[in-house]
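First up is the structure itself, then whatever we jot down about it.
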Amino acid sequence: MNYARFLTAVSTARKPSAIRLLTELQQRSPPSLISLAGGAPNPDTFPFLSAQVRLKSGAELEMNESLMRRALQYSGSYGIPELLSWMKDLQKSLHNPPTINLTPEEGRMEMCVTTGSQEGLGKIFEMLVSPGDNVLLDAPTYSGTLAALQPLGCNLISVPSDQDGIKPSGLSQALESWHPSNPQKPRVLYTIPNGGNPTGASISHERKIEVYELARKHDLLIIEDDPYYFLQFQKPWAPSFLSMDVDGRVLRTDSFSKILSSGIRLGFVTGPKPLVDRVVLHIQASTMHTSSFTQLMVSQLLQGWGQGGFLKHIDSVIEFYSSQRNAMLASADKWLKDIAEWHPPKAGMFLWIKLKGVKDTNKLIMEKALEKEVLLVPGGVFNINSSDPCPYVRAAFSLSTPEQIDEAFRRLAELIRDAELTFD
Ligand SMILES: Cc1ncc(COP(=O)(O)O)c(C=O)c1O
C-alpha cells in the first residue's frame, strides 16, 4: 500500500513532538531512571491521594497512591501501555487481523486510544479528506460523522444500501463511473457495519467480502466505524472488515461507550501502523492523550476481568438490549402495523421506522410531537442534505422501559393518524 497517496497536506505536514516522544520513552523505562527531561508537574502538589471504585458485582477497583500518581499525570499519546496491550490482544482474538503478519511499513496492525471513537473518526477524516474530495458512505448515516466530514469541504456520495447494508453492485457502479486515473476518484469509504445509526442495518458477511474485494480493486480505504459491534444480538458475530484486511486498508474505530460507559470517553483506532501513527501525531498536537485516570481505571477493570470476564459482561449487555429490541418490535406491531414499516435490527439500539402517509417527518416531529408528548429523531438529520424530505424516524430502545416504549408508540400512532387527517 502506498499510504502517502491517501494523506491530506495537513496530515503529511505533521511532525512528531520531541517532548511527547520522551514521554513515551519514560513510560517504558525502569523506575531507577532519573529524568530531568519532562515538563510534567509534580503530583505531590495535587490534592488527590487515592481512589476506590465500587463495582456492581461488589468487587472494588483500588487506585492506590502509586497508581494514582500515574493516573493524575500526563501519559503517552498512543494510550496507557497495559490498556493498549489488553486491547491489542482482544482485537487479535476477536478479529485475527491478517495485518499482524505485515511489517510496520507494510501496514502492520497498530492501535491507539482515543477520547471516544468520535475523536478517532474526526482525526481519521482530517488525515484522509481534503476539500473537493469525493467520499463514499451509505447514507442515511450517523449525524456525528456528517458533522465531522461536511466542514472539510468534501462531496459526500451516498452508495445504495438496504437493511443488509451497502449493496456491492451499487458501490461497484459508483466506482466504475470514475476513470482509474481521475484524481477525483474516491479513495475512502465510510460505513457502520453493525446496527447502523440510524438505520439499524448490519452488513451481511457475503456483502462485506464483496465490498472488501471492490476496495482492493479500486484501491479504497475502508473506515469501519463499529461502536455497536458488541451489541450484536446473534452469535457468531459477523466477521469485521478488519478480519479480512490482507492489504492494510481498513481503519477501524471501536468504542466502550455502549458497553462500559459513554461518559468515560474511551475509544480505539485500529489500523495499519503508518496511518495510526498519523492519527497519534494529531493527538500529540491536540488532546495529547486520553485521560490517564479513566484509562487506568478501565485497565484495572479489564485486567481483573480477563477476556472471559469482559465477554461475560458483554453477554449481559446484549441480553438487555435484545429484550428491549423485542419489546419495541412487539409495540411497533401492536400500534404501527398499518401505518409504518421497519426491519428488525440485528444489532445496536435503534429502530428505523418509515411512516407511510408522511412525506417529511421533520415538521411532524418538530411541530406536533411535543404536543402529544412523544419524541423521536426525524430521519432527515441523518441525510447528506438534511433538508431533503424524509419519511423516516429513529426510535431508540436503549433508555425507555417497555411500558414507556409501548405508550410512546401509541402516541406516535395517534400523531400519524392526526397528520393524515390534516394532510388529506
Ligand atoms: C455510529 C457511531 N459512531 C461513533 C459514535 C461516537 O461514539 P463515542 O461515544 O465512542 O465517541 C456514535 C455514537 O453514538 C455512533 O453512533
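The values are calculated or read from the model by the stated rules, or taken from the named source; none is laboratory data. Being a predicted model, the structure only gives us computed values, none of them experimental. No Cβ is skipped: glycine too gets one built from the backbone with ideal geometry, and neighbour counts run over all protein chains shown. Please note that ligands, DNA and RNA were not included when accessible areas were found on the heavy atoms of the full protein model with its side chains. Shrake-Rupley method; radii C 1.70, N 1.55, O 1.52, S 1.80 Å.
Data table
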| item | result |
| --- | --- |
| The stretch 346-366: number of residues that are part of a helix (DSSP H, G or I) and touching a Leu at 6+ places or on another chain (Cβ under 8 Å) | 3 |
| Single condition residue 60 does not satisfy, out of (1) without any contact (Cβ under 8 Å) to a residue 12 or more places away in the chain; (2) in the same structural domain as residue 122 (by the TED database); (3) touching a Lys or Arg at 6+ places or on another chain (Cβ under 6 Å) | (2) |
| Residue ID - nearest to the chain's Cα centre (by Cα), chosen from residues in the stretch 142-163 that are surrounded by 15 or more Cβ atoms within 10 Å (Cβ to Cβ) and assigned to a loop (DSSP other than H, G, I, E, B) | 142 |
| The stretch 181-192 residues that are within 17 Å of residue 384 (Cβ to Cβ), paired with ones that are open to solvent by 30 Å² or more (accessible area, probe 1.4 Å) and of a type in the set (Ser, Thr, Tyr) (beta carbon under 8 Å, 6 or more apart) | 192/142 |
| Some residue of the stretch 150-170 being acidic (Asp, Glu) and over 19 Å from residue 117 (Cβ atoms) | yes |
| Some residue of the stretch 109-117 being within 23 Å of residue 211 (Cβ to Cβ), in a helix (DSSP H, G or I) and of a type in the set (A, V, I, L, M, F, W, C) | no |
| Subset of the stretch 21-39 (residues that are under 32 Å from the mean Cα position of the chain (by Cα) and either assigned to a loop (DSSP other than H, G, I, E, B) or not assigned by the TED database to the domain that holds residue 283 (or both)) | 28 |
| Lone unmet requirement of (1) open to solvent by 50 Å² or more (accessible area, probe 1.4 Å); (2) within 16 Å of the ligand (Cβ to nearest atom) for residue 69 | (2) |
| Qualifying position, being at pLDDT 95 or above, more than 16 Å from the ligand (Cβ to nearest atom), acidic (Asp, Glu) and not assigned by the TED database to the domain that holds residue 398, among 119, 126, 110 | 110 |
| Members of the stretch 257-267 that are of a type outside the set (Ser, Thr, Tyr) and near the ligand (Cβ under 10 Å from one of its atoms) | 258, 263, 264, 265, 266, 267 |
| Hey, residue 254 buried (at least 18 other Cβ atoms within 10 Å of the Cβ), in contact with a Lys or Arg (Cβ under 9 Å, 6 or more places away or on another chain) and acidic (Asp, Glu) or not | no |
| Sole exception among (1) closer than 19 Å to residue 85 by Cβ; (2) in contact (Cβ under 8 Å) with a residue 60 or more places away in the chain; (3) within 16 Å of the ligand (Cβ to nearest atom) for residue 277, by number | (3) |
| Condition check for residue 300: within 16 Å of the ligand (Cβ to nearest atom), assigned to a helix (DSSP H, G or I) and in contact (Cβ under 8 Å) with a residue 24 or more places away in the chain | no |
| In the stretch 1-20, the residues that are outside any loop (DSSP other than H, G, I, E, B) and hydroxyl-bearing (Ser, Thr, Tyr) | 3, 11, 12 |
| Unique residue being touching a strand residue (DSSP E or B) at 6+ places or on another chain (Cβ under 6 Å) and buried (at least 16 other Cβ atoms within 10 Å of the Cβ) when the list is 327, 395 | 395 |
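For every residue, the table says whether it meets (1) in contact with a Leu (Cβ under 8 Å, 6 or more places away or on another chain); (2) within 30 Å of residue 230 (Cβ to Cβ).
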position	(1), (2)
333	no, yes
344	yes, yes
368	yes, no
412	yes, yes
415	yes, no
418	no, no
